[in-house]
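The values are calculated or read from the model by the stated rules, or taken from the named source; none is laboratory data. Since we're looking at a predicted model, the values are computed, not measured. Note that each Cβ is placed from the backbone with ideal geometry, even for glycine, and that neighbours are counted across all protein chains shown. Please note that ligands, DNA and RNA were not included when accessible areas were found on the heavy atoms of the full protein model with its side chains. Shrake-Rupley method; radii C 1.70, N 1.55, O 1.52, S 1.80 Å.
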Amino acid sequence: MNLHNIMEKIEHSRLKVNAHHIVQLVAVSKYSNSNQIKELYKEGQRAFGENKVQDLEEKSNELNELPIEWHFLGNLQKNKINKLIELSPSLVQSLSSFDLALELQKRLEAKNTTIDALLQINSAKEATKGGVQPENAKDTYQKIKENCPNINIQGVMTIGAHSDDKKIIKNSFETTFKIYENLKSSGALICSMGMSSDFELAIQCGSNMVRLGSILFKDN
Ligand SMILES: *Cc1c(COP(=O)(O)O)cnc(C)c1O
């Protein structure tokens with residue numbers, strides 16, 4: 001589906017929430033090459049997301065001349081932290097534990113730099129997914145704020161439940177949105193949820209950032 005049609009769908013969903021609800025679109029380019037990213041850039045898209053540090057490095061180097069806002073969305077291995085910091089992404093959406101935050105803090109401090117990040121929440125409690133358990137999310141968020149001055153924590157991210165049952169998916173979004181609302185007083189601004197198969201539902205549940213890959217990049 002093309003960018004224009006997707007924007008219309010986002011527009012339709014966000015207006016159901018309210019006229020002032022703004023939703024950012026991150027184009028997840030992990031299945032795509034630099035030429036496809038360039039095509040979408042020409043149509044006006046500026047934020048792109050990758051889930052592997054290696055791919056982020058390759059594509060951001062290849063597209064170095066374009067002012068793209070890069071997001072990192074994948075599982076972050078500790079031995080890739082330094083490389084990720086060097087690439088200085090706009091937003092790391094997949095900060096998945098306090099332990100990882102401490103490690104990231106250490107390296108940021110050593111390099112005398114900062115990074116913007118979201119706390120990933122395992123809202124459906126799936127063993128295959130990273131992120132903190134919903135009941136620990138608030139605590140972990142506060143601990144990161146207090147102990148990691150070089151991490152600007154901006155909100156939360158979740159991947160919707162892996163299910164065909166809309167109610168179960170909705171439940172995972174509602175769980176995350178509640179946590180986000182609870183963290184607003186601690187400065188949370190971003191509630192990143194919604195992928196190709198469930199972004200309209202996610203927006204209805206309060207998402208203000210969707211991450212779309214396959215629907216944007218496949219058979220345009
Ligand atoms: C791959 C990925 C997406 C995009 O998934 P699609 O279903 O292709 O839209 C979004 N978020 C994360 C964390 C991903 O890994």
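So, for the chain, what is the accessible surface per residue at a probe of 1.4 Å, expressed in square angstrom?
Values: 10900 Å² over 220 residues.
For the chain, the solvent-accessible area averages 50 Å² per residue.
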Once every DSSP H run of n ≥ 4 in the chain is given -39500 (n - 2.57) and the sum is divided by its residues, what mean residue ellipticity at 222 nm do you get, rounded to the nearest 500 deg cm²/dmol? -13000 deg cm²/dmol
Order of 12-23, 49-60, 196-207 by packing, highest average Cβ count within 10 Å first? 196-207, 49-60, 12-23
Label-point separation in nm, residue 195 to residue 52, each point 7 Å along Cα→Cβ: 1.6
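Rounded to the nearest percent, how much of the accessible area of the chain (1.4 Å probe, protein heavy atoms only) is carbon and sulfur? Could the numbers behind the result be given before it?
Details: 4900 of 10900 Å².
Taking all protein chains in place, the chain shows 45 percent carbon and sulfur surface.
Between residue 35 and residue 164, what length in nm is gained on full extension when 0.36 nm per residue of separation is reduced by their alpha carbon distance?
Numbers: separation 129, 0.36 × 129 = 46.44 nm, distance 3.35 nm.
Extending this stretch completely gives an extra 43.1 nm.
Which order do the peptides 167-176, 138-147 take when ranked by the mean count of other beta-carbon atoms within 10 Å per residue, highest first?
Numbers: 167-176: 19.3, 138-147: 16.0.
Packing order, densest peptide first, comes out as 167-176, 138-147.
Set the Förster distance to 30 Å, then compute FRET efficiency between residue 9 and residue 178 from the Cβ-Cβ distance, nearest 0.05. Before the final figure, lay out each step's value.
Details: r = 25 Å, r/R0 = 0.83.
So the FRET efficiency works out to roughly 0.75.
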Inter-label distance, nm, simple model (7 Å from Cα along the C-beta direction), residue 111/residue 127: 3.5
Taking a temperature of 10 °C and a viscosity of 1.306 mPa s, what whole-number D in µm²/s does Stokes-Einstein yield for the chain with Rh from Kirkwood over alpha carbon pairs? 90
